[in-house]
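Structure, as structure tokens:
Values quoted throughout were computed directly from the atomic coordinates according to the rules given, and no laboratory measurement underlies them. If you're wondering where the values come from, they're calculated on a predicted model, not measured in any experiment. Cβ placement follows ideal geometry from the backbone for every residue including glycine, while neighbour counts extend to all protein chains displayed.
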Amino acid sequence: MAPGNLRVDYVLPSNGLTPGANGVFWPTSDDPLYRLVGDGTTVPSSDHRMVWQDVRLG
């Protein structure tokens with residue numbers, strides 16, 4: 001059996017970039033932006049979360 005359309009949520013900085021702060025967009029139910037991700041049962045946008053990574057050059 002072949003795998004389906006698999007996706008992962010991560011950031012992999014290129015060689016030469018120094019990782020800094022990072023995080024996952026995971027708003028709590030009292031956050032006004034919670035409507036974008038829902039409760040996990042009904043997902044208005046995607047069941048994947050946006051991830052971010054600050055990087056420094058050099």
Packing-based order for 46-53, 29-36, using average beta carbon neighbours within 10 Å, highest first: 46-53, 29-36
Listed by chain and number, the residues whose amide H is under 5 Å from that of residue 55, excluding neighbours fewer than 5 places away on the same chain and using placed H, are 20
Calculated FRET efficiency for the pair residue 55/residue 28, C-beta based, R₀ 30 Å, to 0.05: 0.65
